[in-house]
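Undergrad: Below is a structure I'd like to ask you about.
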There are 4 protein chains.
Amino acid sequence: MINPACIIGLGNLGLPMARNLLAAKFQLSVYNRTPEKALPLVEQGARLAGSAAEAARGSVFIITIVSDDRALESIVDDAFLSACLPGAIHLSMSTILPATAEKLAAMHAKHRIDYVAAPVFGRPEAAAAKKLWICTSGPEKAKKAAKIVFDALGQGVFDFGEAPGAASVVKLAGNFLLTAAIEAMGEAAALAEKNGVPRAALLNMLTSTLFNCPIYNNYAARIIAADFDKVGFTARLALKDMRLALDTATASDTPMPILSLLRDRYLAAIANNQGHLDASALALRPALDAGLNWMPQKP
Amino acid sequence: MINPACIIGLGNLGLPMARNLLAAKFQLSVYNRTPEKALPLVEQGARLAGSAAEAARGSVFIITIVSDDRALESIVDDAFLSACLPGAIHLSMSTILPATAEKLAAMHAKHRIDYVAAPVFGRPEAAAAKKLWICTSGPEKAKKAAKIVFDALGQGVFDFGEAPGAASVVKLAGNFLLTAAIEAMGEAAALAEKNGVPRAALLNMLTSTLFNCPIYNNYAARIIAADFDKVGFTARLALKDMRLALDTATASDTPMPILSLLRDRYLAAIANNQGHLDASALALRPALDAGLNWMPQKP
Amino acid sequence: MINPACIIGLGNLGLPMARNLLAAKFQLSVYNRTPEKALPLVEQGARLAGSAAEAARGSVFIITIVSDDRALESIVDDAFLSACLPGAIHLSMSTILPATAEKLAAMHAKHRIDYVAAPVFGRPEAAAAKKLWICTSGPEKAKKAAKIVFDALGQGVFDFGEAPGAASVVKLAGNFLLTAAIEAMGEAAALAEKNGVPRAALLNMLTSTLFNCPIYNNYAARIIAADFDKVGFTARLALKDMRLALDTATASDTPMPILSLLRDRYLAAIANNQGHLDASALALRPALDAGLNWMPQKP
Amino acid sequence: MINPACIIGLGNLGLPMARNLLAAKFQLSVYNRTPEKALPLVEQGARLAGSAAEAARGSVFIITIVSDDRALESIVDDAFLSACLPGAIHLSMSTILPATAEKLAAMHAKHRIDYVAAPVFGRPEAAAAKKLWICTSGPEKAKKAAKIVFDALGQGVFDFGEAPGAASVVKLAGNFLLTAAIEAMGEAAALAEKNGVPRAALLNMLTSTLFNCPIYNNYAARIIAADFDKVGFTARLALKDMRLALDTATASDTPMPILSLLRDRYLAAIANNQGHLDASALALRPALDAGLNWMPQKP
C-alpha cells in the first residue's frame, strides 16, 4: 500500500522523522525553507518540493513541524489549503498556541481538510529512534487513519478528544513541567553544593530512586556534567515555549508562579549571553545566584 | 547473633520499622512519649522502656526517629549519652537541620558514641514493606557495622561521606524536590482544566511517559482523586520541612525561589484551614487561585 | 487665537480632558465609539464628529486616548492619516506598547504628521482638576507647539527625548511601580493584622511619614476602607497594563519578578470574580492567602 | 529637672541618639561592647559604664539599641533587671521579633520594670537631626513618662497600644515595605534602561510626582548614582530584618511573596560578594539579571 505524504519543516525533529517515514515506505515529498537540509533525504528517495504547497499537493498525510505559530500560519493559508487534496489529513506537530490550533482547524474545515493536532514529546535522538510520544486531538476518523504515520514515528499515542487545541494544551503543560523540573534540580543542587554535598551525589541518588524517569535522568546528567554546549533545544526556543504557555495561562485566567519564574530565568539567561545554550542551562541561574559557577572551564 | 538495639520514636515510620527489626530478630527495646503505641510491639517481643535512656542502655544500635530537631535534642543530651554503651552507634533517622547533626556529632564524640546520620525517604507503606531509601553520613566503620540494621529496614543505602550533616542536606533537598513536583503538577493541571483538558488525562499521559517514577505517579494519583484527607504526612509537617530547608539555604547564602514559593503555599493552606490535610494538598493552591475547586464534595 | 483640536476617546479620562480643552477655548471636535458620551460636551460647544477621521479633519492637535493598542491601531490607519492636515500634531495619550508607538510614528512620518507620545498619570479626578502628569517623547518642535494643550490638561510635563516609544516605557514602568506598591501594602497589612495590629494603624503611620506621597496615600486609604467597589480603573484593565509591561520586558530580555507576581495576582482576582473591582483590590489577594477577608460585609 | 538615663549600644543610631540626650541635659550613662566608641561622649559629659548593668543602675530611663535579638537577650537577663531601679522604664529601640518583645516584657514584669517597645525609623543622619520616627507599644503610663526622651530623639511618636510586640510588628512591616520599594525601583529602572530610557530620567520624574516621599527620594538617588559603597545599613543587616519579618510571617501563617523574593535577593547579593554594600544595593540584582551593570567603574 502506497501512502503519499509530505513533511514540511526539516529541523532537529523533522529530519529524523522524514527518515523514519521513508524507512516505512511512505511516498514522501519534503519541503524546507532552506532546501540544503533536504538533500540527504532525496538520496533516500524523497521528492524535494519547491514550495510547501507543492509538497502538499497530492499528499494524503500533510505533516508540518516548524518553529512557531507564525511560521506555521505563514505556510498554512487559504492558497495552501486550496492546493491540498480534499479529504487530506493535516498532522500539525509543531508546538503552538491552542488558540492558533482552533483558528487553523476552522480554516481547514472550509476546505474539507482534516486538522489533527499532533505535537510530540522527545529530543532529536528520540525522534531518530522512533521513540517520540505523540499527543493528538481532532476528528476521530482522521486520527484513526493517521495511525500508520504515528506508528512510523513514535512509541505511543495519547489522545485528548476532538477539540483542536487540546493536544497543544498538553504539549505546553508538559514542557512547563519538564522545565520546572530543571529549575527545581538546579535549586536543589545549589543547596547541596553550598552545604558540602556534590551535586552528582545528590542527583544520582534521587534519579536512581524517587525520580527514576527519563526527564530527571536526562537533565540530571546534563546538570552534573554542566554540559550545556551540546544543544538539543536552545534556551531561546525554550523561552518561546514558556511564552506560549503563559499566553495560554493569561487567556484562561490561570496564575502559574513557577511558570512566571521560568520565563524570568530564561530572560536572565538570554540577557547574560546564554541564550544559545541548551535549554537545560536554566539550571545555571540558581547556581549563579548562589555564587556557584558550573560552566566547564575552557582551556 | 544477637544484636541489642532500641528504637526511640514510634510514629508513622518508627512503628513499622520496629516491626521489621523484630522480624529480623533484633533484641529490641522501644520507647515512645505516649507508651500506648508500643503495646502491639511488646506482644511481638519488644521490651518497653520507661525512658529514652533506659531504652538506649545496653543497645549496640540506638535508632531515633522523631518529629523534629527540638524533639531529638530534648532526648539526646549528655545524661542520655552517659547511659549509652561506649562504642554504641546512634542511627539518627529523623529529618533535621544539618547544623543540628553537626552539633550532635560533636557531643557524641565526647562520649565515644558514633553518630550516624541516616534519614530516610519513603511513606509509611514503604517503611512497612522494607522499601525505605536510606541516606547516610558519618564514621565509615559505624556505617559498615550498621548494615544489618539498614538491611532490615530499607531497599537501599546511599552514602554521602563522613560529614555528619551531609545526609540531612540530601534529605532536605529531596523533600524540596518532591514538593516542587507537587506544585508544578498543580499548576500544570490547573492550566489543562482551564483549557478543557481534564487533569486526569494530562497527568496520566505524563506519568506513563516522561515522568514515570514513584514521586510523580503517587502524587498525580492523589491530585487526580483530590484525595487529601487520607494523610500520610500533613501539610503542617511539610511546612516544617520547607522551613528546615530554608534555614539551611539561608545559612549557606543559597537563594531558592521555588522553595520560597512552597513555604508560602503551605502558609496559605494552613491559614485557610487545610493544614491537617495531606502534604499533597499543596496542589489545591494553584487550583484555587485559578478559580477551580478540586476538593471532593461532601454529601 | 483659535486652536482647532479634536479628541478621540471619551472614557474616564477623555471626557474630563475634553471639558478642560473647551474651558481653555479650544475649538474642539469630539468622537467616541458610543456617541452618547459626547452629548454633554456638545452642550458646552464641542462639535460631534461622525467618525474619527471626521473629527481629525482640520485639527491642528489630534488627541487620542483610547483603551488599548488595538483600539488605537483600528483608528489610526492610512485613511485616517490622509484625512489629517499635513503638519498636524497627533498627541497619543493612551497607554500602549512602545513598539506600537514606534510603528505608528513611522506611519505618521509618511503622511507628514507629527506623532507625539504623551501618556498621562492620574485618575479621573486628577484629569478633571487639570492635575495630570504628562510624559512626552517625539519631535521637539511638535512638543513645543503642544505646550498650550498640555497646559490645559495637566500640572506638569516630563520629556523623554525624541524616541517615539520612550514616554510609553515610562508610563508602563510607572504603572508597574504603583501596582507593586499596592501588593506590598497588602502583604504588610496582612502581616500586621495577623499579629494584632490593625491595618489602619500601620498604614496611617507609614503614609504620614516615610511614604507620604500620592500613590501610598490614595491606595492606603482604599485598602483601609476595603473600598474596591468604587472603580477608577478596573482590575481587568490593570491586568492589561501588566501585560503590556511584561511584553515590553520580554522583548527587551528584562526579568521582573514582582511584575510577574502582579500579573498572577490579577489573574487570580479575575478567576475568582473580582475582575470588575478597582485595580487596588489586588491587595485582597495577599489578605485572602493569609485567611483574612477585607471585603465590606453586604447587609 | 534631672533625668538619670542610660543608653546601651552606641552603633550608627545609638551614638547620635546619645549626643541628643546629652544636648537635652539628660544625666547619661553609656555602655558599648567596644568602649572606644563612647569616648567622644565622655568628653560631652556622659559617664562611661563598665557593664550594661552598671549603666542601668540608677537610671529612670534605660535605652537599648543593639543589633539583634540575641544581643539584646544577652544583655537583658535577670541579673541585669535586678540591678535596675524598680519602676524604671526600659525603652527597647532595637529591631527585634515581636515574640522576643513579648518574652522580655513578661520577664520585666516580674522585676517591676516597664518594658516599652520603641523601635525607630530613620537613617543615621535622621538620628543626628532628631528626625527619627518612633513607634511605641507597652504600658500607657510608662509611654507618657518617656515623652521627654522621645522629644529629645525624634520628630514624632506613633503609638500601637499595650501589646509589647505591636511596635515591633510595625517596624518589621515598615522595613519590608521600604525594601520592596527598592526592588520595585530596580526592576522599573532596568526595564527603562533596556528600552532606551535612562534610569535617572525615569526615577526623577516619578519621585517628583506620584512617589514624592522620603523613601523613594532617598533610594532613587542612590540607585541613580549607583552609590552603594557609602553604607548607612549593610545588605547583610537588611537580610537579618527580612528574616525577622519572615519568621513573624511564618509564625502567623502569612504568605508574603515579595518578602520571600527580597530574602532571596539579599542571599544572592551576599553569595556574590555584595553583602558589605548598602542595603539599597539590592537594586543591583534585577539589573544584573537584565545584563546591566550599574556599579561605578573603579579607576
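Undergrad: Could you grab me the full set of residues in the range A:264-291 that are away from chain D (no Cβ under 12 Å) and surrounded by 24 or more Cβ atoms within 10 Å (Cβ to Cβ)?
TA: The first filter runs over the range A:264-291 and keeps only residues away from chain D (no Cβ under 12 Å), leaving A:276-284.
If the condition is that a residue be away from chain D (no Cβ under 12 Å) and surrounded by 24 or more Cβ atoms within 10 Å (Cβ to Cβ), then A:A279, A:S280, A:A281, A:L282, A:A283, A:L284 are the ones that fit.
Undergrad: OK, next. Can A:I62 be described as over 14 Å from the mean Cα position of the chain (by Cα), closer than 18 Å to A:K144 by Cα and among the β-branched types (V, I, T)? Don't jump to the end; show me each part of the working.
TA: Values: over 14 Å from the mean Cα position of the chain (by Cα): yes; closer than 18 Å to A:K144 by Cα: yes; among the β-branched types (V, I, T): yes.
Judged against the criteria, A:I62 is a match.
Undergrad: Also, I was wondering about something else. Scan the range A:271-288 for residues that are closer than 14 Å to A:T179 by Cβ and assigned to a helix (DSSP H, G or I) and jot them down.
TA: A:A279, A:S280, A:A281, A:L282, A:A283, A:L284, A:R285, A:P286
Undergrad: For the range D:110-124, enumerate the residues that are under 21 Å from the mean Cα position of the chain (by Cα), away from every other protein chain (no Cβ under 14 Å) and surrounded by fewer than 23 Cβ atoms within 10 Å (Cβ to Cβ). Before the answer, list the steps.
TA: Restricting attention to the range D:110-124, the residues satisfying the condition of being under 21 Å from the mean Cα position of the chain (by Cα) are D:115-124.
This time we only want the ones that are away from every other protein chain (no Cβ under 14 Å), so: D:115-116, D:124.
Across the range D:110-124, the qualifying residue is only D:P124.
Undergrad: Quick check, is A:A55 modelled with pLDDT of 95 or more, crowded, with 19+ Cβ neighbours inside 10 Å and over 23 Å from A:N175 (Cα atoms)? Please lay out each step first, then the result.
TA: On the way: modelled with pLDDT of 95 or more: yes; crowded, with 19+ Cβ neighbours inside 10 Å: yes; over 23 Å from A:N175 (Cα atoms): yes.
It is true that A:A55 is modelled with pLDDT of 95 or more, crowded, with 19+ Cβ neighbours inside 10 Å and over 23 Å from A:N175 (Cα atoms).
Undergrad: Test D:F61 against the criterion of being among the aromatic types (F, W, Y), assigned by TED's automatic domain parsing to the domain that holds D:A126, closer than 23 Å to D:K143 by Cα and in contact with a helix residue (DSSP H, G or I) (Cβ under 6 Å, 6 or more places away or on another chain), and give yes or no. Write out each step before concluding.
TA: Numbers: among the aromatic types (F, W, Y): yes; assigned by TED's automatic domain parsing to the domain that holds D:A126: yes; closer than 23 Å to D:K143 by Cα: yes; in contact with a helix residue (DSSP H, G or I) (Cβ under 6 Å, 6 or more places away or on another chain): yes.
Considered against the rule, which asks whether it is among the aromatic types (F, W, Y), assigned by TED's automatic domain parsing to the domain that holds D:A126, closer than 23 Å to D:K143 by Cα and in contact with a helix residue (DSSP H, G or I) (Cβ under 6 Å, 6 or more places away or on another chain), D:F61 comes out as yes.
Undergrad: Which one of the conditions (1) within 13 Å of B:M185 (Cβ to Cβ); (2) touching a helix residue (DSSP H, G or I) at 6+ places or on another chain (Cβ under 6 Å); (3) surrounded by fewer than 24 Cβ atoms within 10 Å (Cβ to Cβ); (4) more than 8 Å from every other protein chain (Cβ to nearest Cβ) does B:A220 fail to meet, given that it meets all the rest?
TA: Against the list (1) within 13 Å of B:M185 (Cβ to Cβ); (2) touching a helix residue (DSSP H, G or I) at 6+ places or on another chain (Cβ under 6 Å); (3) surrounded by fewer than 24 Cβ atoms within 10 Å (Cβ to Cβ); (4) more than 8 Å from every other protein chain (Cβ to nearest Cβ), B:A220 comes up short only on (3).
Undergrad: Something else about it: In the list B:D151, B:D69, B:D159, which residue meets the criterion of being among the charged types (D, E, K, R) and either outside the structural domain of B:L41 (by TED's automatic domain parsing) or without any contact (Cβ under 8 Å) to a residue 60 or more places away in the chain (or both)? I'd like the intermediate steps shown before the answer.
TA: On the way: B:D151 fails: either outside the structural domain of B:L41 (by TED's automatic domain parsing) or without any contact (Cβ under 8 Å) to a residue 60 or more places away in the chain (or both); B:D69 fails: either outside the structural domain of B:L41 (by TED's automatic domain parsing) or without any contact (Cβ under 8 Å) to a residue 60 or more places away in the chain (or both).
Selected residue: B:D159, the only one of B:D151, B:D69, B:D159 that is among the charged types (D, E, K, R) and either outside the structural domain of B:L41 (by TED's automatic domain parsing) or without any contact (Cβ under 8 Å) to a residue 60 or more places away in the chain (or both).
Undergrad: While we're looking at this one, here's another question. Restricted to the range A:147-181, and to residues that are part of a helix (DSSP H, G or I) and over 26 Å from A:M256 (Cα atoms), which residue is farthest from the other protein chains (Cβ to nearest Cβ)? Write out each step before concluding.
TA: Within the range A:147-181, the subset part of a helix (DSSP H, G or I) is A:147-153, A:166-181.
Imposing the further condition that a residue be over 26 Å from A:M256 (Cα atoms) reduces the set to A:147-153.
Values: A:K147: 17, A:I148: 21, A:V149: 19, A:F150: 14, A:D151: 17, A:A152: 19, A:L153: 15 Å.
That would be A:I148.
Undergrad: Could you tell me which numbered condition A:F150 fails, if it satisfies all but one of (1) buried (at least 17 other Cβ atoms within 10 Å of the Cβ); (2) closer than 20 Å to A:A106 by Cα; (3) more than 15 Å from the chain's Cα centre (by Cα)?
TA: Going through the list (1) buried (at least 17 other Cβ atoms within 10 Å of the Cβ); (2) closer than 20 Å to A:A106 by Cα; (3) more than 15 Å from the chain's Cα centre (by Cα), A:F150 breaks only (2).
Undergrad: Please name all residue pairs, on different chains or six or more residues apart, with Cβ atoms under 8 Å, provided the first residue is in the range C:98-121 and is assigned by TED's automatic domain parsing to the domain that holds C:S59 and at pLDDT 95 or above and the second residue is among the hydroxyl-bearing types (S, T, Y) and in a helix (DSSP H, G or I).
TA: The qualifying pairs are C:P98/C:S168; C:P98/C:T248; C:A99/C:T248; C:T100/C:S168; C:A101/C:S168; C:H111/C:S82; C:A117/C:S168; C:P119/C:S168.
Undergrad: Being touching a residue at least 12 places away in the same chain (Cβ under 8 Å), touching a strand residue (DSSP E or B) at 6+ places or on another chain (Cβ under 9 Å) and of a type outside the set (V, I, T): is that true of D:L277 here? If you could, list the steps in order and put the result at the bottom.
TA: Details: touching a residue at least 12 places away in the same chain (Cβ under 8 Å): yes; touching a strand residue (DSSP E or B) at 6+ places or on another chain (Cβ under 9 Å): yes; of a type outside the set (V, I, T): yes.
Yes; evaluated as a whole, the condition is true for this residue.
Undergrad: Restricting the search to the range D:21-61, which residues are of a type in the set (A, V, I, L, M), within 19 Å of D:I113 (Cβ to Cβ) and in contact with a Pro (Cβ under 7 Å, 6 or more places away or on another chain)?
TA: Once the filter is applied, which keeps residues that are of a type in the set (A, V, I, L, M), within 19 Å of D:I113 (Cβ to Cβ) and in contact with a Pro (Cβ under 7 Å, 6 or more places away or on another chain), the range D:21-61 yields only D:V60.
Undergrad: Identify all residues within the range A:182-210 that are within 7 Å of another protein chain (Cβ to nearest Cβ) and either closer than 17 Å to B:E187 by Cα or outside any helix (DSSP H, G or I) (or both); write none if there are none.
TA: A:E183, A:A184, A:N195, A:G196, A:V197, A:T209, A:L210
Undergrad: Output the residue which, of all residues in the range C:127-146 that are in a loop (DSSP other than H, G, I, E, B) and within 16 Å of the chain's Cα centre (by Cα), is nearest to C:G174 (Cα to Cα).
TA: Filtering the range C:127-146 down to residues in a loop (DSSP other than H, G, I, E, B) leaves C:129-131, C:138-139, C:146.
Add one more test, that the residue is within 16 Å of the chain's Cα centre (by Cα), and what stays is C:129-131.
On the way: C:A129: 21, C:K130: 19, C:K131: 16 Å.
Out of the qualifying residues, it is C:K131.
Undergrad: OK, next. Only one of D:A249, D:A225, D:A279, D:A283 is in the same structural domain as D:L177 (by TED's automatic domain parsing), small (G, A, S) and within 17 Å of the chain's Cα centre (by Cα); which?
TA: On the way: D:A249 fails: within 17 Å of the chain's Cα centre (by Cα); D:A225 fails: within 17 Å of the chain's Cα centre (by Cα); D:A283 fails: within 17 Å of the chain's Cα centre (by Cα).
So the residue among D:A249, D:A225, D:A279, D:A283 that is in the same structural domain as D:L177 (by TED's automatic domain parsing), small (G, A, S) and within 17 Å of the chain's Cα centre (by Cα) is D:A279.
Undergrad: Among the residues of the range D:244-263, what is the count of those that are away from chain A (no Cβ under 12 Å), part of a helix (DSSP H, G or I) and among the small types (G, A, S)?
TA: Total meeting the criteria: 3.
Undergrad: So which residues in the range A:128-148 are over 19 Å from A:N3 (Cβ atoms), of a type outside the set (S, T, Y) and touching a residue at least 12 places away in the same chain (Cβ under 8 Å)?
TA: Within the range A:128-148, A:A128, A:K131, A:W133, A:C135, A:E140 meet the criteria.
Residues are listed down the side, and each one gets a yes or a no for (1) part of a helix (DSSP H, G or I); (2) closer than 27 Å to C:Y266 by Cα:
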site	(1), (2)
A:N217	yes, no
A:K230	no, no
A:L239	yes, yes
A:M242	yes, yes
A:A269	yes, yes
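The values are calculated or read from the model by the stated rules, or taken from the named source; none is laboratory data. A quick note: this is a predicted structure, and the numbers were derived from the prediction, not measured. Neighbour counts run over all protein chains shown; Cβ positions are idealised from the backbone, glycine included.
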